[in-house]
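> Take this structure first; my questions come after.
The values are calculated or read from the model by the stated rules, or taken from the named source; none is laboratory data. Keep in mind that this is a model prediction, so the values were computed, not measured. Because the Cβ atoms are built from the backbone with ideal geometry, glycine has one as well, and the counts that use them run over all protein chains shown. Quick note on the areas: whole protein, heavy atoms, side chains included, nothing else; ligands and nucleic acids left out. Shrake-Rupley method; radii C 1.70, N 1.55, O 1.52, S 1.80 Å.
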Amino acid sequence: MKKRKAIITGITGQDGSYLAEFLLAKGYHVYGMVRRSSTETFDRIQHLITDVDLVQADLLDQLSLINMIKKIRPAEVYNLASQSFVPTSFEQPVLTGEFTAMGVTRMLEAVKLVDRKIRFYQASSSEMFGLAPHSPQNLKTPFHPRSPYGVAKVYGHWITVNYRESYDLFAVSGILFNHESPRRGKEFVTRKITHAVARIKLGLDKNLRLGNLDAKRDWGFAGDYVEAMWRMLQMKTPRDLVVATGKTYTVREFAKRAFRAAGLNWEKHVVVDPRLYRPAEVHTLCGDPAEAFRVLRWKPSVTFERLVDMMVAADIRLVERQQ
Ligand code: NAP
Ligand code: F7E
């Protein structure tokens, strides 16, 4: 029997690597879009390298996207590629717009041109809610993004909705709240903390510099969230959904738990550095996942406490191996 084909853009990222594992286990033929680089950035998918097919294309290059879709003729496209780090979006707002906003239109155009039956998932973000007027946030909450990244994601969301409404594409926007894992990039606050905890525990560092400790996020486990992405493309009727845990914690609480997991007192090591504050901050995010629970029959399996402990344990093992 022919395998169902899926393309993952952003396969080398945190979510791409978990989604590739998930789809392979479901029996898919997985294609990963990678951009050309003089050094390979395949660390997260090294263990899958013989199981997936990598295709070179770039979100900035329309023709490369059309050719990729033409060549593979996938049943599903998961558009995960983007410039995803909020502080970089303040430093490189135009490039962020090109990748994270216009890149979505280019992907949708490629799908529309080649085969309108292809199902399309857009990786939207809770950063679109930004300065939210109420909590928890759901599809009725107005968007008020607070960074060029958030603004670009709002564009990506609406262009996905627009192509669904205009051309009858099965195109959906998953509005995912923060999701983390041992594969999270080290610049994001959770991994920055757990990696620093490991280095401090092993005597390699003394302090950890952080920005706003009062920011609150709804943190889940990336492995759970890629399943929600897949479930969204299996729905009968395309629609958008908020995917979250419904619980929120401060950066301070995350740090406290992470240091405690390693037998350390966070107050002895964390230094607040105002240079890490953002030009405009998203203070509090908490998602309302009720619709996703109901429509997708999906629930997160990893609690906040287990997530923190898992990330600390993985980073201690990693830092020990590197010694
Ligand atoms: P990530 O680890 O930063 O991965 C981003 C991926 O995009 C990488 O594979 C990167 O490739 C690729 N990419 C960037 N620019 C590209 C371009 N011009 N052409 C081709 N590929 C490009 O992000 P993530 O955490 O896995 O997140 C996946 C998606 O979900 C992103 O769109 C993110 O904005 C969104 N999102 C994430 C979260 C979260 O909490 N993780 C929540 C909501 C939404 P390289 O390896 O070559 O850099
Ligand atoms: O920041 C505060 C910071 O960079 C979380 C991306 O995946 O999730 C992510 O965006 C909070 C912010 O993630 C430091 O000010 C304090 O309030 O881990 P983060 P993010 O900005 O929430 C969303 C859903 C996405 O879509 C994005 O792609 O933590 N914070 N001190 C810090 N943040 C960082 N990075 N570093 C610090 O030292």
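> Placing unit charges on C-beta atoms (Lys and Arg positive, Asp and Glu negative, everything else neutral), compute the dipole magnitude of region 1-64 about its Cα centre in debye, rounded to 20.
The dipole of region 1-64 has a size of about 340 debye.
> Moving on. Using unit Cβ charges (K, R positive; D, E negative) and no other charged atoms, how large, in debye to the nearest 20, is the dipole of the chain about its Cα centre?
That gives a dipole near 560 debye.
> Identify all aspartates and glutamates with a Cα-Cα distance to LYS206 below 13 Å; exclude those on the same chain that are fewer than 8 residues away in sequence.
The reachable aspartates and glutamates, counting only those whose Cα sits under 13 Å from LYS206, are GLU267.
> Choose one of LEU65, ILE49, LEU95: the residue whose Cα lies farthest towards the positive end of the charge dipole of region 36-154 (beta-carbon charges +1 Lys, Arg; -1 Asp, Glu; about the Cα centre).
LEU65
> DSSP loop GluC sites (Glu not before Pro) in region 17-123 with at most 15 other Cβ atoms within 10 Å of their Cβ, which ones?
GLU40
> In the Gaussian network model of the chain, springs joining C-alpha atoms below 10 Å, which of TYR121, TYR277, TYR31 carries the largest mean-square fluctuation?
TYR277
> Given the DSSP H assignment, sum -39500 (n - 2.57) over each helix run of at least 4 residues in the chain and divide by its residue total; what's the result at 222 nm in deg cm²/dmol, nearest 500?
-12000 deg cm²/dmol
> Let me ask another. My understanding is that a pair violates if its Cα-Cα distance is over 22 Å; which of LYS71/LYS117; LYS2/LYS26; LYS2/LYS299; LYS201/LYS256 do that in this structure?
Violating the 22 Å Cα-Cα cut-off are LYS2/LYS299.
> Quick one: net charge around ILE72, please, counting Lys, Arg +1 and Asp, Glu -1 for every other residue with C-beta under 10 Å from its C-beta.
Charge balance in the 10 Å sphere: +3.
> Still on this structure: Taking only protein heavy atoms into account and a 1.4 Å probe, give the accessible area per residue of region 134-259 in Å².
Accessible surface, normalised per residue, equals 39 Å².
> Once the other residues with Cβ under 13 Å from the Cβ of THR41 are scored (Lys, Arg +1; Asp, Glu -1), what is the net sum?
+2
> In the Gaussian network model of the chain, springs joining C-alpha atoms below 10 Å, which of GLY223, GLY211, GLY27 carries the largest mean-square fluctuation?
GLY27
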